[in-house]
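Report on the structure given below.
The values are calculated or read from the model by the stated rules, or taken from the named source; none is laboratory data. All values reported here derive from a predicted model rather than from experimental measurement. Glycine gets a Cβ as well: all are built from the backbone with ideal geometry, and neighbour counts include every protein chain shown. Each accessible area value is taken on the protein alone, full model and side chains, heavy atoms only, with ligands, DNA and RNA left out. Shrake-Rupley method; radii C 1.70, N 1.55, O 1.52, S 1.80 Å.
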Amino acid sequence: MTRAPSFDAIVIGGGLAGAGTARALAQRGLSVLVCETHPHLAPKASGNARGLIMPYVATHTSPPGRLYARGFKFTHDLLATELNDLNLFEQCGALQLPATKRLARLITESTDCIGAPPIHRLNPNEATERAGITVSTPSFFFPDAGFCEPAKITRALIESAPQTITVWCSRHVPSFSRDGSGWRITLADGSSALGAYTILCGAHEITSFPQTSWVPLEAIRGQTALATSSPVSQTIRTVISYDGYITPSHEGVHFIGAHYRHNDMNETPTDEDTTEVLSRLYRTFPFISDLRVTSSRVCFRASTHDRMPYIGALPTQDNEGLFINAGHGSRGLITAPLGGEIIARHITNEPLNDLKESASIVAAARLSKRYESTISARHGERAPSQ
Ligand SMILES: Cc1cc2nc3c(=O)[nH]c(=O)nc-3n(C[C@H](O)[C@H](O)[C@H](O)COP(=O)(O)OP(=O)(O)OC[C@H]3O[C@@H](n4cnc5c(N)ncnc54)[C@H](O)[C@@H]3O)c2cc1C
């Protein structure tokens, strides 16, 4: 029998969270195995044709506002500085329209906003000038925001990292278990690999493991579309976020998103949802009406009980060396790479320093009460063994 290969860390899941985690660990000299079910990296949520790199506006005292501002800076620095030569990021700016009452209040009343500095409050004329299309409401504008191709970033995070990462694609991990002081993953063909640390980066599918079936992660369906531009729409210069979003035309094509639905696991795009995605755009900009959808795609956000990701050590029994980086919802481009860095600092006992506040907001330790009550609700059933 051949001996199972051994790594410092095993990352389960080859999306942005897995790639960001593998990179951060490899940068510290650790050997890392990344396992991905599908034949290539980023086949799921991290595989959309485009993604917005855009902050979430909130007041300074709001934990999500502070987390997303830090995450935005982290991803922006990564793409616009560290990996700038790879041209992964189209920094065209982003206009945030008052799509909700909360945003309308922040735009018109609050002087205490955090997003991604610099953040500009524009009147409709100024917004129109920035966007290149008529905007009839006051808006926020983020000059440092923009869009990217998430799968390219996922691949680049691994390819540009130190060469201590091994990627196993077409390798679903059905289970993992304790092996001495470390972990063993066992694949469907009976082969296995060993790691001192295991990091679960499989989005909502993390709940398929017996040890983590209790983690509150919900899959929320999203459908997006690519559409050819019209003479009017091709003047759009920035990302625009309304109760959907549109990117500027790139090679004659816009990316338009995104529909949001609970309790729907249909992986096939539907005409009804394409119509909904387009009608949100047409309602906001009635003078655009003639875009032609060329393709649609469905994928799922992994949403958490408080809408913030779970990052860090899992609060389970016998959890030494077991971590999670998941639940990135609709903002994974600005939280998943940050999550990888936080986990790498935990594992290597590096001070969290500038990430201390973010790490405490996202800490998976906040699930400990939920874990305990799940276990006690199982009528004397013992905690799932590792
Ligand atoms: C429609 C839509 C639009 C979005 N738009 C934006 C946006 O504009 N900006 C933004 O910041 N965010 C956006 N997001 C969110 C962002 O895409 C996600 O938060 C991010 O991609 C999550 O990355 P992930 O690695 O956690 O998950 P995923 O990309 O889903 O990766 C998880 C991977 O784990 C693999 N896996 C799972 N279980 C196993 C196993 N047992 N063995 C092996 N492999 C396994 C899966 O196959 C998958 O590849 C959007 C999400 C959706 C659904």
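Quick notes on this one:
- Taking all Cα-Cα distances within segment 267-386, those exceeding 19 Å account for 63%.
- Scattering curve values for segment 105-222, log₁₀ I(q)/I(0), Debye with Cα scatterers, q = 0.11, 0.12 Å⁻¹: -0.69, -0.76
- For segment 245-303, the equivalent ellipsoid built from the Cα gyration tensor has semi-axes of 22, 13, 11 Å, listed from largest to smallest.
- Of all DSSP-defined beta bridges confined to the chain, some 70% are antiparallel rather than parallel.
- Translational D in µm²/s for segment 182-285 (Stokes-Einstein at 20 °C, 1.002 mPa s, Kirkwood Rh from C-alpha pairs): 126 µm²/s
- Scaled against 2.2 N^0.38 Å for its residue count N, the alpha carbon radius of gyration of segment 73-168 is 1.38.
- The chain - percent relative contact order, Cα under 8 Å, separation 6 or more: 22 percent
- Lys, Arg +1 and Asp, Glu -1 on Cβ, resulting dipole of segment 1-132 about Cα centre, debye, nearest 20: 400 debye
- Sorted largest first by accessible area at a 1.4 angstrom probe radius, with every protein chain in place, the residues 172, 328 fall in the order 172, 328.
- Length gained on full extension, residue 81 to residue 175, computed as 0.36 nm times the residue gap minus the Cα-Cα distance: 30.0 nm.
- Along segment 326-338 the Karplus relation, 6.51 cos²θ - 1.76 cosθ + 1.60 evaluated at θ = phi - 60°, assigns HN-Hα couplings of 7, x, 7, x, 9, 10, x, 5, 10, 10, 5, x, 4 Hz to successive residues, with x for each Gly and Pro.
- Residue of 352, 41, 217 that the Gaussian network model of the chain assigns the largest fluctuation, springs spanning Cα pairs under 10 Å: 352
- Among beta bridges from DSSP that stay inside segment 1-143, the antiparallel ones total about 65%.
- Based on every Cα atom in the chain, Rg and the maximum pairwise Cα distance Dmax equal 21.3, 72 Å.
- Over the chain, dividing the summed -39,500 (n - 2.57) contributions of all DSSP H runs of at least 4 residues by the number of residues returns a 222 nm mean residue ellipticity of -8000 deg cm²/dmol.
- Where only alpha carbons of segment 13-102 are counted, the Rg and the Dmax (Å): 15.8, 48
- Convex hull per residue volume in Å³, alpha carbons only, for segment 1-158: 144 Å³
- For segment 157-215, the equivalent ellipsoid derived from the alpha-carbon gyration tensor has semi-axes of 20, 15, 13 Å in decreasing order.
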